[in-house]
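Data block below; observations after.
The values are calculated or read from the model by the stated rules, or taken from the named source; none is laboratory data. It should be emphasised that the depicted structure is a prediction, and the values quoted were computed from it without experimental measurement. Here Cβ is always computed from backbone atoms with ideal geometry, including for glycine, and neighbour counts include all displayed protein chains. We work out accessible area using only protein heavy atoms, side chains counted, and drop any ligands, DNA or RNA first. Shrake-Rupley method; radii C 1.70, N 1.55, O 1.52, S 1.80 Å.
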Amino acid sequence: MIQSLKRMLAWPFRSLFWKLFSWFWLTMLSMMAAMVVTVAITVDPSDFLSERRELFRELEIVSRKVERMASGWASHTPFPQFTGSYFYLFDPAGEVVGRRTVPDELMSAYDRTHHRKEPTITFRSGVVVVGPRKVQVGTAAYDLFLTKEIPRLVHWRVTKVMSKQWHLVIIALAVSFLLCIMLARYLVVPIRRLQGTSRSLAKGQLSARVDESVRKRGDELGDFARDFDDMAEQLETLINNKERLLRNVSHELRSPLTRLQISLALARRKTNEAESEHARIEREIERLDELIGEIIRFSRIEHGATNEACEQVNLHQLLQTLVEDADFEAQAGNRSVRLLRSQAVELCAVRDWLSAAIENMIRNAIRFTPEESTVDVSMLLEKDSIVIRVRDYGPGVAEESLEAMFEPFNRLDETRGKENDGFGLGTAIARGAITNHGGTIRARNCYPGLEVEIRLPQGCQPNTKSSETG
């Protein structure tokens, strides 16, 4: 219970839980307040013994005070003051002493009760009249009456409740608080669990399902959880079938490719007259073999499959090595790659995945940066993240295509020009590798050029599985 309360208090105050709780609790408090006010307005005081005694007590205290003042004792002392109470003194002729205005309800009550020996309580038109109380002033008998009007009666009653029954008020508030907490939690916790499952699916955990306690519910949330699990199961089946298809097709293509290479070698031994055609066939075979290799690599990274264990990778050294190798290759095209700034950072990662992601982005930038220009690479720390940026000075990418460029087999020929002769898998492989490390990758136009930003958490835990053999 304590742990559950701590988790609830950790939720942001803009969350649905606190909104539901606030509305339910305010509604209950409003209903309680409305009931109290309604009772205070409509209930006859004579129905409550304690209230009747309290009114008679006030009248008795003031009557004694008046008698003492009339006999000359402390004549300068005013009437005692009671919250919301007014006192009227009638002489034997029925005239009010010292008052200019008298409520009609009081006059009506006086006409009906002034001949009585014991005080009574009347409640009419929102005014409580208590009296008469016979007061001896000299040799004459005066009638003392007490009145309370609706606003002051309500205030008086509420004050009495708060002063004498405060423990009941606290208990009522505490019970309503707990009931509203339980109701809001009953509605919000299943939604939170659904949200957690959807986030797990978004991270690639296709086996994630909604908690059994939510699926067993008999309401709309239970129906939604069961439908959500059905959707997740179909999604897992579709993605697994796609991954299996990629792997199977890639492996099946390798066999005829091997036979084609053997056939080409035999054909070259028999004749040298078609050397150009043989060279063309060899290039296409190599290209097809490279494509199959990229598909297999993409499939494994997307599926989180690797034969490598996570290790402490020195990102500075890795980045420096990749930049030096890329710069050596780029010089053949009159281009260069430079490392602008870097920091000594170590990260628990799969070296092959990180290397593939960064290398693909650098090679991609080399293809599109103009001759006699450079590709700029940098790495720095921002809060708890490691940020790697790769920038070229080429034509950039259309704004609407910045997200699509990381999709597999997506080639932006109309934007990037004739140099875009790759397979469309390099950026997809990079995204898969970075995502498996809990990071993000995105691109933006810099005018001129394109900058790709890789952001990795310093304490990442790579999402890996043992790779299939074969």
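Annotations
- Positions within the stretch 431-445 being of a type outside the set (S, T, N, Q), open to solvent by 30 Å² or more (accessible area, probe 1.4 Å) and out of contact with any Leu (no Cβ under 9 Å at 6 or more places or on another chain), in sequence order: 431
- Members of the stretch 373-400 found to be more than 27 Å from residue 348 (Cα to Cα) and not in a strand (DSSP E or B), listed by number: 373, 392, 393, 394, 395, 396, 397, 398, 399, 400
- Any hit, the stretch 389-400, residues being at pLDDT below 70, among the basic types (Lys, Arg) and surrounded by 15 or more Cβ atoms within 10 Å (Cβ to Cβ): no
- Condition check for residue 213: among the small types (Gly, Ala, Ser), modelled with pLDDT under 70 and surrounded by 12 or more Cβ atoms within 10 Å (Cβ to Cβ): no
- Summed over the stretch 129-149, the residues that are at pLDDT 85 or above and of a type in the set (D, E, K, R) give a count of 3.
- In the stretch 315-360, of all residues being exposed (fewer than 13 other Cβ atoms within 10 Å of the Cβ) and under 36 Å from the mean Cα position of the chain (by Cα), the one that is farthest from residue 452 (Cα to Cα) corresponds to 344.
Okay, residues lined up against (1) at pLDDT 75 or above; (2) surrounded by 14 or more Cβ atoms within 10 Å (Cβ to Cβ); (3) in contact with a Leu (Cβ under 9 Å, 6 or more places away or on another chain):
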residue: 159; (1), (2), (3): no, no, no
residue: 168; (1), (2), (3): no, no, no
residue: 183; (1), (2), (3): yes, yes, yes
residue: 186; (1), (2), (3): yes, no, no
residue: 190; (1), (2), (3): yes, yes, yes
residue: 194; (1), (2), (3): yes, yes, yes
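- Hits in the stretch 165-221 (condition: assigned to a helix (DSSP H, G or I), under 25 Å from residue 235 (Cα atoms) and either in contact with a Pro (Cβ under 8 Å, 6 or more places away or on another chain) or among the polar types (S, T, N, Q) (or both)): 195, 197, 198, 200, 213, 214, 221
- Pairs are defined by a Cβ separation below 9 Å, a sequence spacing of at least 6 or placement on different chains, a first member in the stretch 58-79 that is among the β-branched types (Val, Ile, Thr), and a second member that is at pLDDT below 70; the pairs so defined are 61/80; 62/79; 62/80; 66/79.
- Output for the stretch 89-129, where each listed residue is surrounded by fewer than 18 Cβ atoms within 10 Å (Cβ to Cβ) and among the aliphatic types (A, V, I, L, M): 93, 96, 97, 102, 107
- Test result for residue 260, farther than 30 Å from residue 459 by Cβ and at pLDDT 70 or above: yes
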